[in-house]
Each structure stands twice: as structure tokens, then as C-alpha cells.
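Reviewing the structure listed below.
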Amino acid sequence: MSKVVFQRPHALTDTPFSYCPGCTHGIVHRLVAETLDELGIEGTTVGVAPVGCSVLAYEFFACDMVQAAHGRALAVATGLKRAMPENVVFAYQGDGDLASIGTAETVHAATRGEKITVIFINNAIYGMTGGQLAPTSLPQQVTQTSPYGRDVNEAGFPIRMVEMLSTLDGVALAQRVTVDSPKNVRAAKKAIKKAFEYQVEGVGYTIIEVVSTCPTNWGLSPADALQWLRDNMLPYYPLGVYRDVKAEGYANVAEAASARAQRLASGGDA
Amino acid sequence: MAAPVNMLLAGFGGQGILFAGKLIAYAGLIEGRELSWLPSYGPEMRGGTANCSVCLSDEPIGSPLVLEPDVLVAMNQPSLDKFIDSVVPGGKVIVDSTMCQRLPERADVDVFPIPATQLAEENGLKGLASVILVGKLLREIGFCDPRTLDAAIAKSVPARKAHLLPKNRKAFEIGMLNEDGESVPVCSLPEDWAVE
Amino acid sequence: MKGNEALAEAAIRAGCRFFFGYPITPQTELAAYMAKRMPKENGVYLQAESEIAAINMVYGASAAGKRAMTSSSSPGISLKAEGISYMAGADLPGVIINVQRGGPGLGGIQPSQSDYFQATRATGHGDFHLIVLAPSTVQEMTDHAYIAFDLADEYRVPVMVLADGMLGQMMEPVVLPEPKTDAAEKPWAVTGHKGERPHNIANSLYLAPERLEETNVERYERYERIKAAEQRAEEYLVEDAEIVLVAFGASSRIARSAIDKAREKGIKAGLIRPITLWPFPVDAIEAAVPGAKAFLTVEMNMGQMVDDVRLAVNGRRPVEFFGRTGGIIPTPAETLAAIERVAASLEGGAR
């Protein structure tokens, strides 16, 4: 008798991914789908696909899906979650969508403590439109629209989103992971699962930033792209947990926020 | 069937001019007439001039914006100066003479001055000069039954400010009983009138 | 009640429990009323971070199958344009209120009708229309908010109530409708498939041109049904009118007063008041063409609806325009003067 030890997650459709070879979207899609399977929430989950390479995510996830305008995923997700508080809502966004055109939506959904889960793919470039400068492109990084390298005097500095969001009281979990190795994939899976669990428990807003590659637009082989990620991305975007209110001993963001307010009022650190 | 009347009430923001307009509109509502109440809105609400248009009619109201009023209620000099020329010939003008030192010179309108702000202060009714003016207005032009206006006051004073109801009714009474001016009142308080 | 408040109450009575807004004059009372009432109805009032976010929250709540709305005034509607286009593209119902003020740009805050083109022609990018309702009284603000949700659900289109600062701010007597529940069946809604059906997708992206064309053609077939069934207009003294005024919303009230004055002077004037601006009531115009000698639109803009009247009249009669803009409400007297000019030109032509 054969035993199934590995199969496609139920929460992924049979539609083959349209992503480029070596792109990490496939891995992250799978991690999200496995989480939906393991938590048994595919049937109550609604995902929001953004504009960007993952614009077609609604074809790949088997749960109900909504396609959102560029940058608006978290406003759409807010509308969905407010309309259906018992459902699970996640948004899957790239760096241009989440950290440039959608920054306001990102920050305000976070500060409101919307009980949604955000999967943030940071690969330091606009992939879908062919490799332009992203808000997270590194200093000196050459892109189609920074042909001489990102000049921070002109184009400003890259944004470290989870660090920034971790200062907001509505955020329950803000963590940065990557998927460059089996060990890191396992850690990423754990983080994603925790984020969905926190949402189900109503702890607050959860965001997992996945430092990712774009071999096509970086002009590197998939293996070299992973090495470039390790050499350049990770030093600028260190992996780690930037906020986890439950680990800090609070049941939810409201408790954590009031403790933080008391600390600040008595001259302590945020 | 009463004649249609188009009123313009004007003063400083905070004098209660919009509230006064609402009282008149409410009275129209209670009597089942067609009516509209249209405030000016915008920066002038924040401390500058405020005004509202009130139309009462038995026919559907066309323009709710009163540009040529039959009745002008002016609570300060700038408002009086600004709108006096727009009043139709034969129109009535109620003026808070505490706030307006210069009365209009037009001979073709009837002007009824009343020191409403002063009367309000003397009677411990600070802030209710506008209601005194409504009383005066009703006395001089009689746009509704006084009992209706009394009911409108009762409806318009919010429940959480119910303690102010007698003061509003007192202010209305002062306006209705005001003897200044030479004309014979067209409307007077009911015989069984009592403030409390 | 103020027009803005009456409209908000009617929306709640129509079963709307999701309001997403952002402050802007002169629609603020509407949002404030919702903020007060929604929690009492177990509904959601949420002040969004922007107009853009607000319309996309409507998109989300509507995708979930709920009756949702947003309200704003002209500059804010421009910001919502993108989201409205996405709603149309994804066939999502939803109600958008525009309490118009003068433009372009920041413009002013006084009443205007200068978003007629925006509402009926180009509310956002792409091939689509909204159903556009134009109230002229506080009662109609109420009635239109109440039916807007039904129309939106029935045809799966966004519906706009195109009001203006005057209607929003003024008080008139109003009879409020009976509360009803949001009971429309929405099998397309993304509520979680619960393992009972294939996954639903709310989407406006079609990378294959043939597929996109197909969806647009289907939508336009629906628009034809809307045009056949939902044109609404009110007529006043049109039967024997030689000069037919066409005016909607606030300016129609002025037009009506001017018509009464014109009739006193022996000028046979009448009024067609479009209640739906899209679909434009071409049938009412068509019916008036044989008896009319000329048409005159009265608008609070530089001449926008006049184009639609000209299209409907199609050269058979002269179509003139009179309007004030910038937030100025035309007076009955100057509107009467415009009628008299048209009357004089007709006499001139007869000689």
C-alpha cells in the first residue's frame, strides 16, 4: 500500500502557477495554502489579490477571492472583514502595492487593528511591469528606472515596513521571514500559520514580510538570486519578530496598547 | 389659506439665527404646510455671519433660497446693511436694535426694532435673543398660530436641554408682548398662556 | 430633517449597514448621522483614511454581498473614480452619494451641478455606466437613497445619487420609508465557499481581450434593459408647452418657479425634470418634441446636460442653455429672462 506523503494543498486550485522560474511566489502561495488546510479554514477564508505579479493569485487560491485595485488591497480587506467578522481575510501584496501606492491603506488598516492577515512579498522591485525601482529597492540597486543605481539623495531610502508598522498599536504580529532555504521556509510557514491563528483568535492586525527574489528582473539565475538576497537584502532587511503581542504576554492589541501607554506615561520606553 | 412668506434671518454665528429659523420651519411642519429651511454653510458658520432662508407656503416651494425676502430678521448691523435692499417693497423687517444702531432708511418697508439682546440679558435669557425676535416676528406678521409656535419650541429644545424649555418660552413671550413700534399686533398670546 | 440626514436615514431603512466615508463639505452631516445611527443598528460606520480607501471598503463589503455605501462631494468623488470603475468592472452593487459643490479643482463649497458629465459619462476609466438619480427635494433624497440599493442589487451596478449642497443642507418635511432588510440573494458573493460550491471571485481583470470584450458586451446588454425599464422623469405643464425647460435637481425648482412667472406673462413654458440622469429620459424628450418649439436647459454648470437634450432632440428643435456656475444658484428672475429670450427668438424666427 502506498502512502501519500506529499501532495498539492487543497487550498490551491489545479491551475498551474504562471510565475517565472525561481520566483518565490510559488513557495509562499503554498505556505499560505498549507496553512488554510491545516487550520481547516479554506471554506471561510476570502483572499485579496493585489496588482503586481500576484495579480492572478485569485486563479491559484481555492478559497473565495477578490481582486483589488493597485494599493487598495487593505481597504478592500477592511470592507470584507467588517462585513464578515467571522470569516478569515488575508491580503497578499507586493512591495509596490503595499509600501508605495498603498502605504496609506497599509498604515491605517494596521493602526485600526483590522483583524486581517497580510502577506507582504518584498523583492525590492516592480516585477510585473518589468523591473522598476520599488520603495524597498536597495541603495545603489540598478533597476530599469534607476539605471545608475538607486541614489538615495534623489530617490530616498528604502522603507523597512515591518519595523515601521511595529510601532503601531493595532499590530499584533509583525515578522520578517525569507524562503531561501528549507530551514527558512519552515520558519516562514510557522510565522504565516501564527498570523492566521492570531486573526482567528481576534488578536489584531498581522503582517508577515517575506524577503523574496525576482530572478527575471534582477537578471540572475534562481540560485544566484537567492545568494544576492542573502548578501544584499537580508543585511538591510534583517529577519526577526518585530512585534508579537502574545509573546509579550498580552491577549490582544488593546491590552498591549494600554500597557504601552502606561509605560510611556511613566517615562518608559515604547 | 395663508399667504406664502419668504423669510431671511441673518446674524452672527452663535446668535441662534439658524435655531430661530428652525422654530419657524417646525411651526410650518406642525400646521401641515409646505416649507423649506436652507442655511448658509461654510466658513461663515465658524464665527462670521450666518443666515438661513425659510419659506412657508401652501404650494410646493420652488427655490428655497430667499434672495428677495418678504421678511428680514436682522440680528446685527452688517446683516441688516447687507440684506435691507433686497427686501421686497411692503416687506417687514425685524431688527435687534441692541445690535443695530442704524435703522434702515427705506420708506417702503415696515421696520420693527426690538432690543432683543438687551431684553434677553435683563431677563436672564442670555443667548435667547433670537427667540425673542421670533416672538416679535409672530406678533407683527402672524405666520402661524402662537400655540403652534409654542409646540415648535417644545419640539426643538433637545431632551438633554429640557431645563431650557421654560426660558425659551419666556423669550418667546417677551417678543410677543413687546410694545415697541406703533403698529397693532396681528397676533397675540392665547388667553390661557403661562410660561410654566 | 436636513437632506443629508434624511438620505442617511433612508439608506439605513433600505438595509444598508456599512458606511465608509471621509469628511468633506457639504456632505458632512450625512457621515455624522451615520456615525450616530450605525452602531445602534449593529452596522458599521468607518471613517476611512481617504476617499480612495472608503470606496474600496465599499468594494470589499459589497463583494461580501452586503448593502454598502459611501458619500462625498465633488473633489472626493474624483478620488473615488478608480474604485467606482473597479466596482462596475466586477459587477458589484453599491451606492455612492455625491453632494455636489462647485469645481474644478478645490472649487468652492456652494451648491453646483458641475459633475453631470462625471456622473453620466466618465465616473472612471473604461466602458461603463452608473445609474444616476437626481433628487430635487429632501423627500426625493430619501426616496432615491431607498431605491438606489434595490436598483444596484437588481442590475449589479453601482448607483449614484447626484445631489448638491443646497439639497444636502436644506430642511423640508419628509416622510421616511418603512425599514426593510437586506434580503437580496447574492450567490456571487465572496462569503467563503464552505466546501459547498466552487470558489467565487470578485474581479475586473481579463487579460484575454476576447474575454474582456465579452464581459463588456454582456454589461451593455444589461444597460439596454436599464434604459428600457428605468428612465424616470417628471413633467410640469409640458402638454401645451411651446418652450420646454429641462432641468434636474435644485435648478429644476428654480425652473418651475420661473415657468409659473412665464405663464403669468402668457408664455407657454413647461418643464421636463429628469429624475434619472443615466439612463437619460430620452423618451420624455422625444414625446415633447412634436409640441415644442424650443428646449431650454437650466443648469448649475457651464452647460453639460444640454448635450444630452441635444442628442435626444437630434436637431429637430433649437436647444438653448442657461446656467450659473461656481456655486451660484440661478434666480427665478434670471431664469424667466432666459425663457423670454428664447420666446423672443422664436418670434423673430417666425417673421
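The values are calculated or read from the model by the stated rules, or taken from the named source; none is laboratory data. Remember, predicted model here, so these are calculated numbers, not experimental data. Backbone-built Cβ (ideal geometry, glycine too); neighbour counts: all protein chains shown.
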Within the range C:261-287, restricting to residues that are buried (at least 22 other Cβ atoms within 10 Å of the Cβ) and among the small types (G, A, S), the one that is farthest from C:E340 (Cα to Cα) is C:G270
Residue that is nearest to A:E248 (Cα to Cα) [pool: residues in the range A:147-167 that are surrounded by fewer than 21 Cβ atoms within 10 Å (Cβ to Cβ) and touching a strand residue (DSSP E or B) at 6+ places or on another chain (Cβ under 8 Å)]: A:S166
Of C:L162, C:L167, which residue is assigned to a helix (DSSP H, G or I) and within 17 Å of C:V132 (Cβ to Cβ)? C:L167
Would you please name the residue that is surrounded by the fewest Cβ atoms within 10 Å (Cβ to Cβ), looking only at residues in the range A:75-96 that are more than 16 Å from A:D64 (Cβ to Cβ) and within 11 Å of the chain's Cα centre (by Cα)? A:D95
Looking only at the range C:123-153, filter to residues that are more than 14 Å from chain B (Cβ to nearest Cβ) and either among the hydroxyl-bearing types (S, T, Y) or free of Cβ contacts under 8 Å to residues at least 12 places away in the same chain (or both); which one of those is farthest from C:G303 (Cα to Cα)? C:Y146
Has the range C:315-323 got at least one residue that is assigned to a strand (DSSP E or B), over 30 Å from C:T142 (Cα atoms) and either outside the structural domain of C:E140 (by TED's automatic domain parsing) or of a type outside the set (V, I, T) (or both)? yes
Candidates B:L189, B:L138 - the one that is in contact with a Pro (Cβ under 8 Å, 6 or more places away or on another chain) and at pLDDT 95 or above: B:L138
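Quick grid of which residues meet (1) under 30 Å from A:A57 (Cβ atoms); (2) within 13 Å of chain A (Cβ to nearest Cβ); (3) in a helix (DSSP H, G or I); (4) modelled with pLDDT under 95:
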position	(1), (2), (3), (4)
C:V175	no, no, no, no
C:P179	no, no, no, no
C:D182	yes, yes, no, yes
C:A189	yes, yes, no, no
C:G192	yes, yes, no, no
C:L207	yes, yes, no, yes
C:E214	yes, no, yes, no
C:R222	yes, no, yes, no
Being within 14 Å of chain C (Cβ to nearest Cβ) and of a type in the set (S, T, N, Q) is the filter here; which residues of the range B:52-93 pass it? B:S53, B:S57, B:S63, B:S86
Qualifying positions in the range C:108-122 - more than 14 Å from chain B (Cβ to nearest Cβ) and either buried (at least 19 other Cβ atoms within 10 Å of the Cβ) or in a loop (DSSP other than H, G, I, E, B) (or both): C:Q113, C:S114, C:D115, C:Y116, C:Q118, C:A119, C:T120, C:R121, C:A122
Filter the range C:59-107 for residues that are more than 17 Å from A:A73 (Cβ to Cβ), in contact with a Phe, Trp or Tyr (Cβ under 7 Å, 6 or more places away or on another chain) and not in a strand (DSSP E or B) and give the result. C:K66, C:R67, C:G76, C:A88
Given the conditions (1) of a type outside the set (A, V, I, L, M, F, W, C); (2) surrounded by fewer than 19 Cβ atoms within 10 Å (Cβ to Cβ); (3) within 18 Å of B:M7 (Cβ to Cβ), and given that B:G135 satisfies all but one, which numbered condition is not satisfied? (2)
Filter result for C:T181 (of a type in the set (V, I, T) and more than 26 Å from C:N4 (Cα to Cα)): no
Residue in the range C:22-44 that is assigned by TED's automatic domain parsing to the domain that holds C:S136, touching a strand residue (DSSP E or B) at 6+ places or on another chain (Cβ under 6 Å), among the hydroxyl-bearing types (S, T, Y) and within 23 Å of B:L38 (Cα to Cα) present: no
Using the structure shown, decide if A:A57 is of a type in the set (A, V, I, L, M), within 30 Å of C:T70 (Cβ to Cβ) and in contact (Cβ under 8 Å) with a residue 12 or more places away in the chain. yes
From B:L125, B:L133, B:L103, which residue is in a loop (DSSP other than H, G, I, E, B) and touching a residue at least 24 places away in the same chain (Cβ under 8 Å)? B:L125
Provide a single number: the residues in the range A:38-51 that are within 12 Å of another protein chain (Cβ to nearest Cβ) and either surrounded by fewer than 24 Cβ atoms within 10 Å (Cβ to Cβ) or part of a helix (DSSP H, G or I) (or both). 6
Tell me, which helices (runs of 4 or more DSSP H) wholly within the range A:90-197 include 1 or more residues that are within 14 Å of chain C (Cβ to nearest Cβ)? A:103-111
Condition check for A:K81: of a type outside the set (V, I, T) and more than 9 Å from every other protein chain (Cβ to nearest Cβ): no
